[in-house]
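Before I ask anything, let me first share the structure, which is written out below as structure tokens.
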Amino acid sequence: MAAQHRATATGTGRSLARSRPRYGEAAIKVVLMLAALVSVATTLAIVAALAEPTIEFFATVSIAEFFGSTTWGPLFNPPSFGVWPIIVGTLEVTVIAMIVAVPLGLASAIYLSEYATPRVRKIFKPVLEVLAGVPTVVFGFFALVFVTPLLQQIFPFLNLEPRNALSAGLLVGIMIIPIIASMAEDSMAAVPNGLREGSYALGASKMLTSVRVVVPAAFSGIVAAVILAFSRAAGETMIVVLAAGAKPVFTVNPANEMATMASFIASAGSGDLPVGSIGYKTIFAVGALLFILTFAMNWISARLVQKYREVYD
């Protein structure tokens, strides 16, 4: 009888606990929802800020001229609006950066996830992530005064100009290594140990297990990290302004000075352009193109993550 009384009292207490309003949880939900809304509102505000000047720009300059010419000089007299030189410059710097960052970032992630001891991981991962906090102007100045002269001495046959896409791409690649390494390591660490143990039981080595089991299992997270790093590299400004210059030349030679979309926005936006002029609206048109590029990359990343995501119980 006493036991029945205690069970009844316990059940009543639980019912009262469930029925009692939890204001703390409600407040946390509101804060999290507001944080999500801030991100969405910021994106919408960017679209709204870019839309009107971009529409006005294309009312004056045709899309055929914008994408059909290889001469970019919107601030010259007479102006020319062929955007391909700065698109090619952006892609060239970004591709060089990815060639540097992807193998180094993935190698760092594999080491931290599969080989490093917990003590070493606690030391090296924060140190690696600190690299992401270095101001990009420092990277750009380092590329200008150290990397470019060094490359000119080691590879004189490249005929590197004082400002060039190669140095800019190398330093942008170093800058985005922490993005790939940190996100990829988190994805690899989330892979269940049972997969590793099964691989070891079949006689596989640690390297074979890392490459053939862990990396494929964490593929969606790795892809997301690589595409996020690509978007970050495409939008980099200060390194490119200092190291690659702002000369809009339609070329694929990384030894030459060239401009990117971000560097054009920075250089044109810092000038004395009359508000409402066609040169002023060009900044918004290029900004809208860069926004569409990064948005498309993030959309592709989300689709790939959804397609290849592994769910473990």
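The values are calculated or read from the model by the stated rules, or taken from the named source; none is laboratory data. Just so you know, these numbers come straight off a predicted model, no measurement behind them. Note that each Cβ is placed from the backbone with ideal geometry, even for glycine, and that neighbours are counted across all protein chains shown.
Tell me whether the range 133-153 contains one or more residues that are among the aliphatic types (A, V, I, L, M) and farther than 30 Å from VAL286 by Cα.
From the range 133-153, those among the aliphatic types (A, V, I, L, M) are 134, 137-138, 143-145, 147, 150-151; that's our starting set.
From what is left, the residues that are farther than 30 Å from VAL286 by Cα are 150-151.
Yes, that holds for at least one residue.
Restricting attention to the range 130-168, which residues are part of a loop (DSSP other than H, G, I, E, B) and surrounded by 19 or more Cβ atoms within 10 Å (Cβ to Cβ)? Explain how you work it out, then say what you get.
Start the filter on the range 130-168 by keeping residues that are part of a loop (DSSP other than H, G, I, E, B), which leaves 134-135, 155, 159-164.
Scanning the range 130-168 gives LEU160, GLU161, ARG163, ASN164.
Filter the range 292-301 for residues that are in contact (Cβ under 8 Å) with a residue 24 or more places away in the chain and more than 16 Å from SER263 (Cβ to Cβ) and give the result.
Of the range 292-301, the ones in contact (Cβ under 8 Å) with a residue 24 or more places away in the chain are 293-294, 297-298, 300-301.
Across the range 292-301, the qualifying residues are MET297, ASN298, ILE300, SER301.
Across the range 107-124, what is the total count of residues that are touching a residue at least 24 places away in the same chain (Cβ under 8 Å), more than 12 Å from ILE180 (Cα to Cα) and either in contact with a Phe, Trp or Tyr (Cβ under 9 Å, 6 or more places away or on another chain) or not acidic (Asp, Glu) (or both)?
First pass over the range 107-124, keeping only residues touching a residue at least 24 places away in the same chain (Cβ under 8 Å): 108-110, 112-115.
This time we only want the ones that are more than 12 Å from ILE180 (Cα to Cα), so: 112-115.
The next check asks that each one be either in contact with a Phe, Trp or Tyr (Cβ under 9 Å, 6 or more places away or on another chain) or not acidic (Asp, Glu) (or both); those that pass are 112-113, 115.
So the count comes out to 3.
How do the pairs read when you match residues in the range 24-50 that are within 17 Å of ILE292 (Cβ to Cβ) with residues anywhere that are in a helix (DSSP H, G or I), using Cβ under 8 Å and keeping only pairs 6 or more apart or on different chains?
ILE46/PHE291; VAL47/PHE291; ALA49/PHE284; LEU50/PHE284; LEU50/GLY287; LEU50/ALA288; LEU50/PHE291
Now for a different question. I'd like the full set of residues that are part of a loop (DSSP other than H, G, I, E, B) and surrounded by fewer than 20 Cβ atoms within 10 Å (Cβ to Cβ), limited to the range 252-267.
So in the range 252-267, the residues part of a loop (DSSP other than H, G, I, E, B) come out as 252-260.
Scanning the range 252-267 gives VAL252, ASN253, ALA255.
Taking interchain pairs and intrachain pairs at least six residues apart, which have beta carbon atoms under 6 angstrom, with the first residue in the range 244-263 and on the phi < 0 side of the Ramachandran plot and assigned by TED's automatic domain parsing to the domain that holds LEU75 and the second surrounded by 18 or more Cβ atoms within 10 Å (Cβ to Cβ) and acidic (Asp, Glu)?
LYS247/GLU257; ASN256/GLU161; GLU257/GLU161
Yes/no matrix, rows are residues, columns are (1) aliphatic (A, V, I, L, M); (2) touching a helix residue (DSSP H, G or I) at 6+ places or on another chain (Cβ under 6 Å); (3) surrounded by 13 or more Cβ atoms within 10 Å (Cβ to Cβ); (4) within 17 Å of PHE284 (Cβ to Cβ):
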residue: VAL40; (1), (2), (3), (4): yes, no, no, no
residue: GLU52; (1), (2), (3), (4): no, no, no, yes
residue: PHE58; (1), (2), (3), (4): no, no, yes, yes
residue: LEU75; (1), (2), (3), (4): yes, yes, yes, yes
residue: PRO79; (1), (2), (3), (4): no, no, yes, yes
residue: THR94; (1), (2), (3), (4): no, yes, yes, no
